[in-house]
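Below is one structure, written out as structure tokens; comments come after it.
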Amino acid sequence: MAERTRDPVSIKGQLVSMSILGSAVTLCIFLENFRVAAWTPYILHIMGGALLLAVAVPHFFFRRPLD
């Protein structure tokens, strides 16, 4: 049986992933520090969406083919 391996994400993809997560964390810290009450209940959703984007964007756009 042939084992199928996945193509790894490139370094650019890893940097994009970390920048998405870092931007979301910075936004959440900003919202908490300035007591933006309207957005405070959505911080968990913002972080969840950022995590989803941090996984999906590099997976679909920054794959490095193996030779």
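The values are calculated or read from the model by the stated rules, or taken from the named source; none is laboratory data. If you're wondering where the values come from, they're calculated on a predicted model, not measured in any experiment. Heads up, the Cβs are rebuilt from the backbone with ideal geometry, glycines too, and the neighbour counts pull from every protein chain shown. Surface areas here come from the heavy atoms of the whole protein model, side chains and all, with no ligands, DNA or RNA. Shrake-Rupley method; radii C 1.70, N 1.55, O 1.52, S 1.80 Å.
The table that follows gives values for the structure above.
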item	result
Cβ-Cβ under 6 Å pairs, at least 6 apart or on other chains, region 43-63 side in contact (Cβ under 8 Å) with a residue 40 or more places away in the chain and over 13 Å from Ser19 (Cα atoms), far side outside any helix (DSSP H, G or I) and β-branched (Val, Ile, Thr)	Phe62/Val9
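One line per residue, one yes/no per condition, for (1) modelled with pLDDT of 90 or more; (2) open to solvent by less than 90 Å² (accessible area, probe 1.4 Å); (3) of a type in the set (A, V, I, L, M):
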| site | (1), (2), (3) |
| --- | --- |
| Arg6 | no, no, no |
| Ser10 | no, yes, no |
| Leu15 | yes, no, yes |
| Gly22 | yes, yes, no |
| Leu27 | yes, yes, yes |
| Phe34 | no, no, no |
| Thr40 | no, yes, no |
| Ala50 | yes, yes, yes |
| Phe61 | no, no, no |
